[in-house]
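Data first, discussion second: the structure below is written as C-alpha cells.
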Amino acid sequence: MNAYPSASVRARRHWPAWLRQVDWVLVAATALLVAFGFIALASAARGAPEAEGLLRTRTLHLALGVVALVVAASVDYRWLGGMALVIYPATLLLLLAVLVGGEARMGAQRWITVGPLGAFQPSEVAKLAVVLTLARHLEVVRVLPRLRSLVPFVLHVALPMILIVRQPDLGTALVLAAILAVMLYVAGARLADLAGLAAAAAAVTPFLWPVLHDYQRRRLLAFLDPGGDPLGAGYALIQSKIAIGSGQLFGKGLFAGTQNVLKFIPEQHTDFIFTVIGEELGFFGAVALLALYLVWLWRALGIAGGARDRYGALVASGIAGMMLFHVVVNIGMTVGLMPITGIPLPLVSYGGSSLLTTLAATGVLLGIRMRRRPS
Amino acid sequence: MTAAPWSPRVARLGLAAVVLFAVLAGRLWSLQAIQGQYYLELSEHNRMRDLKVPAPRGTIYDRRGQPLVSNRAAFTVSVLPMEVRDPQRLAETLSPVLGLARADIVARIDAGRRRPFEPVLLRRDVDQTVLATLEEHRLDLPGVLVQAEPVRAYLFGSLAAHALGYLGEITEDELRARPGYRMGDLIGKTGVERVYDDVLRGEPGRLQVEVDAVGRPIRVLGRLPARPGRSLVLNLDAALQAVAEAGLRDRSGAVVAMDPRSGEVLVLASAPSYDPNLFSGGIRAANWKRLIGDRRLPLLNRAAEGTYEPGSVFKIVTGLSALSEGVARRDSTFECTGALRLGRWVFRDLAAYGTVNFIRGVQVSCNVMFWLLGRAVGEAHLARYASGVGLGQPTGIDLPAEASGFIPTAEWKQRATREPWYPGDTLNMSIGQGYVLVTPLQVARMVGAVATGDRLVRPRLARRVLGPDGAEQQAFDPRDDPIPLAIPPEALRALREGLLAVVEGGTGRAAAVPGLLVAGKTGSAENPRGIPHAWFAGYAPADRPSLVVVVFVEHGRRGGEVAAPIARAIFEAARPMLLTRAAGPGRP
C-alpha cells in the first residue's frame, strides 16, 4: 500500500470487503458528536476540582464504548434476535436488582456498583434490550389492523417500563414508550390504533399522578408556569434559557461562558450540557450540533430502509426512534419547549451507561448496514 | 432495488425528524437571535442579582419541649463588589456607621471581586439607627444592600451556654474541611451547635432578580427556596439546669446530671458562663477580647474540657478494685489511726476514726483505709479499674473538644519523669491525688456505672431530630451502645452501702433530701494551684438509680460543705420526677 503515493481511492480499493461496507458517514457523525461532548464537558467542569477526574472517566467510558460498538457491529444482529428470550428476562432481572440493591443518588435508585468502573445504570441498557427483543416479537407475531393486536407489544414494553418508573426514572420510561410507538408504526400498525394507544395512555395518566414523586410533579408544573413557580424547579429552566439565549448567534467563545460555572445550572455536565454549547458556541454551534444529529438519524433510517430483513429494519428504526426522542426531549427541555424530565443528550452528556448504550446501538446499526440487501 | 414494504413508513419517520429539528432550530433562533440581546444583558450586565436566601437554623429544645435556641429577625448589611467603583471611599463612609475597620471593609470587597454578582457580607444584625443612616445616604452608597436574615437567639442567655455552643463565621480551615459551606457562612463553633451543625443549618436558597439601572428589583427571574434547618431536641432539662447554675452562683465549677441507665444528660453546667447571643451577629472585637482575656476562662466548658484532681471521689475506684480483687470485704476491719507509716515517710490523715469496717471507712472517707487498700491492690489494678469505669478517656459525649483526663501508670512515670513508681505514688493515687486527672463528665459516667452496676453509658445531649414539619426524623438512643461492665455483685453491694452511708451520716450529709434515698461520695482535692477543689458525686434513688449528679467547685475547699448542697438542690428539684416512675427521665 505504501508504494502508492496518491492515497485514499487506491487504498480503499485494497480494503477488505467488510470494511468497505462500514457506513463511514455514520461513524464520522458519531465521532463528531462525542467530540462536541468532550469540549462541552471540559468547559462545564473548568475550574472545578473534579474536572480532571471527569475527563479521565469520560475517556475510559469512551474506550469501553468503542469496544462495545465494534463487538455489536461484528455480531450478526439476527443472532441477537434469536437471543431475545435470554436478553429480555435478563434485563428484567437487572432492573429488579437495581430496585432491590441499587445505589441511590439524588433521590433516585438507578445505579448498580460494578467494581472499579463505578456505578452502572441498567435502565440505559434496557432501552437497547427492548429494541432488540421487541423487534423479534414484532417479527414473530404480526401486527394486525386491530387495536387489540397491539396489546402483547404494549405488555412487552410495559413490564420494564414499570420497573424503571419505580426507580424513579420517568424520562427513561418515556423513551421506552417512544420506542414502542416508532417500532409499532414501522411494523405496520394503523395510525388510528396508535392514536388509540395514546388516548389510553392519556386516560391512565391522571391515575399516575399520585404515584409520581413530588419533584416529578413539581417539574411538570414548572414546565407549565416556570416564572411563577415558587418551589424552585423553574430555576433551572430560567438559568438554562439565560445561558443559551445569551450565546446569541456566535456564542461567547469556547470556555468563555459565564453562566456555566458548574454550580449555576444544576446537573450541568449531564442533562443540561446543551446549555454550555448554546452559550459558548451560539446559534450556529447549536444548529451544527442539531445537524450532526440529523445526519446520524438520516443514516440510521437509511439503514432501516435498506435492511436485509424485517428484523433489521425494526431494530434500526427503534434505535433511530430512541435517538430522536432523546435529542428532541433533552434539547427541548433546555430551551423551554419540553418539561424537565432528566434524560441525557446521547453521545454528548456525561454519563457512562448512556454513552456505552448509544455506541453499542450505533454498532448494531453498522452491523445491519454491513449485512444489508445487495443493491 | 425494490423498496421494502417498510420503506415508506421509515421515510415518513425521517420527515417527522426533520420537522421536529426545525422546531428546535426555530426556538433556538428565537432565544439566541431575537431575544439574545436581552438574555445577554441579563447574564453579563449588571441587571441580575444573585442573592442568597438564608435558611433559618433549626430550633433547639430541651427534653420537655421548651425552646432554648431559636431565631429572630435581623438585618444584614452587605455590598455588591461590582457596583463599587471606589472601595476606599465607600469604606470611609461605612466604617463609622457599621463599626468596622476601614481596611477590613476594603479587604472584604476585594475578596469578593471574583464573584462580582454575589453580595459580600459586611455586618450581621445591625440595629435600627444603622438602618436609618444607611437609608438616608442611600444614593452615596452604591452597591450597599440591606437584607433580612434570621439571627440566632439564645432565649435564656447564658443558660447551658457550654452545652449549646455559639456560632461564628466559617474560617478558611473549616471551609476546606467541610464541603458544601461557603465563605461568610455561619457555622457552629462549639457545643451542639457545632456537633449538629449539619442537622441545624439547612440549605440556603437563591433568588435571582432583574434590577433596573439604580439597582431596584423589577422582577424575580428564578427562585430556589431555602430549606430550613431541622430542629434538635436535647436531653437537657432547662429547669434542673437553672437550679444547677443558680447553685454554682459566682463560683467556678461544673455540674453534670445524667440518667445512668441511658446516658441522657439532663444538666451540663459550667461556670462562669457567657452569653452566646454576643456571637449571634458576629462577635464584636471588644467583647471577644473580654471573654478571651478573662482569667476565669468563661469559654472553657469545665464539665467536659476541664481536667481536675478527683481527690476522694477516686476512692470509688480504689474501693471497687479492692472489693473485686478480694482484698477487702464489707466487714473487713481497718485501723484508722490518723496516719500511715511508709518507710521513712508518714502519711497523715485529717483525723483518726478508730477501728472501722469498709462501710464506715467509706462513710468518713478514711484515708488510711484507702491507702491500705490501694497498696494491697497495687497501682496497676487501680489504673485498670479506673479505665474500666471510664476515667482517663473521653466519654464520647456529643460535644467537640472533650478532654481525656489522665490515669498514671508506672511505665508512664518512668518515661516522663525518669523516676520509678514509688509506693508513695500508689498511696497518693488511691485517694485520687498525685497524677490522676478527670473531667466532671467522666466522674458522672463512673458513678453511673456503679449505680447501674452493669454498663458504662455514653453520655448524650441530643435526643431527637425533628424535621421542619415537626415530625421525628431521627432518635438517638444512647442505650444502644453502652459498654457492658462485669462487677461482682457483692463488691457492688458493699460499695453502694458505703455510698449511701456517706449521705446518711457521713461526709455527704449536706446532700440528703428528705424522702429520697441519696448515695454519693464527697471529695476535697488538693491541687498545685491553690485551695482544694470541692467534689460531690452521687445518685438517687439509691435503690433504683435514675439520676446521677456530679458537682465540681474549683477551689471550693470542702466537698461536703460546698459541693454537696448544690447536689441536694438538684436532687430536690428532680424529686417529683424521680419518685413518679412513669414521668421519670427514662425514655417515656
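Only the coordinates and a few stated rules stand behind these numbers; no lab work does. Because the structure is a prediction, the values reported are computed rather than measured. A quick note on method: Cβ atoms are made from the backbone with ideal geometry, for glycine too, and the neighbour counts reach across all protein chains shown.
Computed quantities for the displayed model
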quantity: Neighbour net charge for residue B:423 - beta-carbon separation under 10 angstrom, K R +1, D E -1; calculated: -1
quantity: Space enclosed by the convex hull of the alpha-carbon atoms of the stretch B:446-486, per residue, Å³; calculated: 65
quantity: Cα-based Rg of the stretch B:149-267 normalised by 2.2 N^0.38 Å, two decimals; calculated: 1.46
quantity: Distance from the stretch B:80-133 to the stretch B:522-544 (C-alpha centre basis), Å; calculated: 53
quantity: Whole-Hz couplings from phi, Karplus 6.51/-1.76/1.60, listed for the stretch B:380-395; x for Gly and Pro; calculated: 5, 5, 4, 5, 5, 5, 4, 5, x, 9, x, 7, x, 8, x, 7
quantity: The stretch B:266-357: Rg to Rh, with Rh as the Kirkwood radius over Cα pairs; calculated: 1.26
quantity: Kirkwood Rh, Cα atoms: Rg over Rh of the stretch A:284-375; calculated: 1.02
quantity: Loop chymotrypsin sites (Phe, Trp or Tyr not before Pro), the stretch B:396-503 (other Cβ atoms within 10 Å of the site Cβ: 16 or fewer; DSSP); calculated: B:435
quantity: Karplus-derived 3J(HN,Hα), 6.51/-1.76/1.60, for each residue of the stretch B:501-515, Hz, glycine and proline x; calculated: 5, 4, 7, 6, x, x, 5, x, 3, 5, 9, 5, 10, x, x
quantity: Measure of compaction for the stretch B:231-305 (Cα Rg per 2.2 N^0.38 Å); calculated: 1.24
quantity: Convex hull volume of the stretch B:1-158 per residue (C-alpha atoms, cubic angstrom); calculated: 244
quantity: Average projected area [Cα convex hull, the stretch B:30-107], square nanometres; calculated: 9.7
quantity: Of the trypsin sites (Lys or Arg not before Pro) in the stretch B:134-208, those whose Cβ has at most 12 other Cβ within 10 Å and which sit in DSSP loop; calculated: B:182
quantity: Net charge of neighbours whose Cβ lies under 11 Å from the Cβ of residue B:526, counting Lys and Arg as +1 and Asp and Glu as -1; calculated: +1
quantity: Surface/4 of the Cα convex hull for chain B, nm²; calculated: 41.4
quantity: Residue-averaged 222 nm ellipticity for chain B, from DSSP H runs of 4+ at -39500 (n - 2.57), nearest 500; calculated: -10000 deg cm²/dmol
quantity: Translational diffusion coefficient (Stokes-Einstein; Kirkwood radius from C-alpha pairs) of the protein assembly as shown at 4 °C, 1.567 mPa s, in µm²/s; calculated: 38
quantity: Cα Rg over Rh - the stretch B:437-565, Kirkwood; calculated: 1.06
quantity: Using θ = phi - 60° and Karplus 6.51 cos²θ - 1.76 cosθ + 1.60, couplings along the stretch B:358-373 (whole Hz; Gly, Pro as x); calculated: 4, 4, 5, x, 5, 4, 9, 6, 5, 4, 4, 4, 6, 4, 4, 5
quantity: Alpha-carbon centroids, the stretch B:233-293 and the stretch A:136-202: separation in whole Å; calculated: 67
quantity: Distance between modelled label sites at residue A:22 and residue B:38, nm, 7 Å Cα→Cβ extension; calculated: 4.8
quantity: Amide H contacts under 5 Å for residue B:406, placed H, 5+ residues apart; calculated: B:392, B:437, B:438
quantity: Cα-centre dipole for the protein assembly as shown with unit charges at Cβ (Lys and Arg positive, Asp and Glu negative), debye to 20; calculated: 2240
quantity: Over 11 Å [Cα-Cα, the stretch A:118-163], rounded percent; calculated: 70
quantity: Column: log10 I(q)/I(0), Debye, Cα scatterers of the stretch B:329-479, q = 0.14, 0.16, 0.17, 0.18 Å⁻¹; calculated: -0.81, -0.98, -1.06, -1.14
quantity: The stretch B:336-383, Cα convex hull volume normalised per residue, Å³; calculated: 84
quantity: Evaluated over the stretch B:532-581, the Cα radius of gyration and Dmax, each in Å; calculated: 11.7, 38
quantity: Under 5 Å, built H, 5+ apart or other chain: amide partners of residue B:123; calculated: B:77
quantity: At most 12 other Cβ within 10 Å, DSSP loop - trypsin sites (Lys or Arg not before Pro), the stretch A:124-154; calculated: A:142, A:146
quantity: Other-chain or far-sequence residues with amide H under 5 Å of residue A:252's (modelled H); calculated: A:280, A:281, A:282
